[in-house]
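Colleague: Shown below is the structure under consideration.
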Amino acid sequence: MTGTDGARASAGASYRAAGVDVAAGERAVEAMRGHVARATRPEVVGSLGGFAGLFALDTGRYRKPLLASSTDGVGTKIALARALDVHDTVGIDLVAMVVDDLVVCGAEPLFLLDYIACGSLDPSRVASIVAGIATGCEQAGCALVGGETAEHPGLMGADDYDLAATGIGVVEADEVLGPERVRAGDALIAIASSGVHSNGFSLVRHVLFGAVDPTAPGGIGAEGQAALRAVEPALGTTLGEALLTPTRIYAKDCLAAAAAAEVRAFAHITGGGLAANLARVIPAGLLATLDRSTWTPPAVFALLAERGDIPLAEMEQTFNQGVGMIAVVAPGAVDTTLAVLADRGVPAWLAGHVDAADAEDGLTARVTGAHP
């Protein structure tokens, strides 16, 4: 009886037979361990492998600390990563989308936790993603204190994966940036993006690759994959390299600017585009005006507009158009802010101003003029 029962047990159902490979998960943890070790801070307690990440916040450093939190993902940009089998850059994107939201209120990013969901766990691919996340955390000055990798067989395709992360930051209660500080006469400083960043990729894919091919990695068929690997003369690189350029991480740059000059607010230009995101930090009764004549959008945006015959209004509602962050600063803080950003190698320019609203239409932000 015992032998028969044992045979039945060995031939019966198992987690691995159901599509979840626990051993692969353990290999993934080992593969990512070195990358996680790079993304740390002195306040981190313990190491990878616990059930929770521990962070010893030194409250003695602050007068009245407020914790700030943000959560986000990368979206359908992952389709291009899958099509090209390049997975570290979207890890940087993931960090950027979280920490660049934290810093808009003046918060210093402290730590981040990631979540990776996949149809079938590939340890080397997960390690590549985490390598990018660790690089992003290093750029932001925050620690990667933990995360979760989950296999979802039957719910997701074997090649599918998705990313999300949550970050925690800290800011003094009397130093929180936002619309309450903005005044008529303030200046708008545009801070350059590194490219398309991580928004609008559903439109990118629709314009460049057409209908989704469910049999191809990322839904991008052979013709689209060839286009991604081809050099685009207008871009000076392959289309894939241009589109997978990681989102610029502004956290340290914004904090340096705020420490040196009177910054009132930051606006992170993500989904919704220029005017909609700027409007989020402009109070009622004021109107922020960005002047297109102050910059030329990078070539990748012209390529998208031309290939898709996309109107300017749609481009500005979907993409960042070359502006990844906007700083609202006091009139006398323009030169100092620009000097700090220049010293840090971040392109920035005076792009507009804030005035008292002259109409009752409720508009708080607009983009005017024409690009050079």
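Colleague: What is the magnitude of the charge dipole of segment 229-372 about its Cα centre, with +1 placed on the Cβ of each Lys and Arg, -1 on the Cβ of each Asp and Glu, and no other charges, expressed in debye to the nearest 20? Let's see the in-between values first.
Modeller: Values: 9 positive and 15 negative charges, 93 e Å.
Around 440 debye, computed over segment 229-372.
Colleague: If you don't mind, there's one more thing I want to ask. Between helix 299-308 and the chain, what is the angle of the helix's C-alpha long axis to the longest principal axis, kept within 0 to 90° and rounded to the nearest 10?
Modeller: So the helix axis and the longest Cα principal axis differ by about 80 degrees.
Colleague: Tell me the angle of helix 22-38 to the major Cα principal axis of the chain, expressed in degrees between 0 and 90 and rounded to the nearest ten.
Modeller: The angle comes out near 40 degrees.
Colleague: For segment 146-294, compute Rh as the Kirkwood radius over C-alpha pairs and then the Stokes-Einstein diffusion coefficient at 4 °C and 1.567 mPa s; write the answer in µm²/s, rounded to an integer. Can you show the working numbers first?
Modeller: Values: Rh = 19.2 Å.
D = 67 µm²/s.
Colleague: Taking 0.36 nm per residue of separation and subtracting the Cα-Cα distance, what length does fully extending Ala342 through Phe51 add? Before the final figure, lay out the partial values.
Modeller: Working: separation 291, 0.36 × 291 = 104.76 nm, distance 4.23 nm.
Contour length minus Cα-Cα distance gives 100.5 nm.
Colleague: Obtain the nm distance between the two label points defined at Glu262 and Val231 by a simple spin-label model: each point lies 7 Å from its Cα along the Cα-to-C-beta direction.
Modeller: For the pair Glu262/Val231, the computed spacing is 5.1 nm.
Colleague: Mind giving me the FRET efficiency for Asp355 and Asp335? R0 is 25 Å, r the Cβ-Cβ distance, nearest 0.05 is fine.
Modeller: Working: r = 21 Å, r/R0 = 0.82.
It comes out at approximately 0.75.
Colleague: A further question follows. Distances longer than 12 Å among the Cα atoms of segment 184-230: what percent of all pairs is that?
Modeller: Details: 769 of 1081 pairs.
Within segment 184-230, distances greater than 12 Å cover 71 percent of Cα pairs.
Colleague: Something else about it: Before I look further, what does segment 221-372 give for accessible area per residue, probe 1.4 Å, in whole square angstrom?
Modeller: Details: 6550 Å² over 152 residues.
That works out to 43 Å² for each residue.
Colleague: Of Thr294, Ala117, Thr247, whose Cα points farthest to the positive end of the dipole of the chain (charges on the beta-carbon: +1 Lys, Arg; -1 Asp, Glu; origin at the Cα centre)?
Modeller: Ala117
Colleague: Can you give me the angle between helix 2-11 and the longest principal axis of the chain, using Cα atoms only, in degrees from 0 to 90, rounded to the nearest 10?
Modeller: Result, in degrees: 40.
Colleague: If you don't mind, another one. Just how far, in whole angstrom, is segment 70-92 from segment 135-149 if you go by their alpha carbon centroids?
Modeller: Here the answer is 16 Å between Cα centres.
Colleague: Let me ask you something else. Find the accessible area per residue for segment 95-195; the probe is 1.4 Å, ligands and nucleic acids are left out, and the unit is Å². Working shown, then result.
Modeller: Details: 3040 Å² over 101 residues.
Accessible area per residue: 30 Å².
Colleague: Here is a further query. Tell me, what % of the accessible area of the chain is carbon and sulfur with a 1.4 angstrom probe?
Modeller: Numbers: 8970 of 16430 Å².
Roughly 55 percent of what the probe reaches on the chain is carbon or sulfur.
Colleague: Something else about it: Between segment 264-288 and segment 307-372, how far is it from one alpha carbon centroid to the other, in angstrom?
Modeller: When both Cα centres are located, 9 Å separates them.
Colleague: Given C-alpha coordinates of segment 61-180, what is the ratio Rg to Rh with the Kirkwood estimate of Rh? Mind dumping the intermediate values first?
Modeller: Values: Rg = 15.7 Å, Rh = 14.9 Å.
Over the Cα atoms of segment 61-180, Rg/Rh equals 1.05.
Colleague: What FRET efficiency comes out for the pair Glu180/Glu223, r = Cβ-Cβ distance, R0 = 56 Å, nearest 0.05? Before the final figure, lay out each step's value.
Modeller: On the way: r = 52 Å, r/R0 = 0.92.
The formula returns an efficiency of 0.60 here.
Colleague: Relative to 2.2 N^0.38 Å, what does the C-alpha radius of gyration of segment 82-139 come to as a ratio? Two decimals please.
Modeller: Details: Rg = 12.5 Å, N = 58, 2.2 N^0.38 = 10.3 Å.
Expressed relative to 2.2 N^0.38 Å, the Cα Rg reads 1.21.
Colleague: May I pose another question? Expressed as a whole percent, how much of the Cα-Cα distance distribution for segment 237-344 exceeds 20 Å? It would help to have the intermediate numbers written out before the result.
Modeller: Working: 2776 of 5778 pairs.
For segment 237-344, the share of Cα pairs beyond 20 Å comes to 48 percent.
The values are calculated or read from the model by the stated rules, or taken from the named source; none is laboratory data. These numbers come from a predicted model, not from an experiment. Using ideal geometry, Cβ is built from the backbone for each residue, glycine included, and neighbour counts are taken over all protein chains shown. Surface accessibility is based on the protein's heavy atoms, side chains included, excluding ligands, DNA and RNA. Shrake-Rupley method; radii C 1.70, N 1.55, O 1.52, S 1.80 Å.
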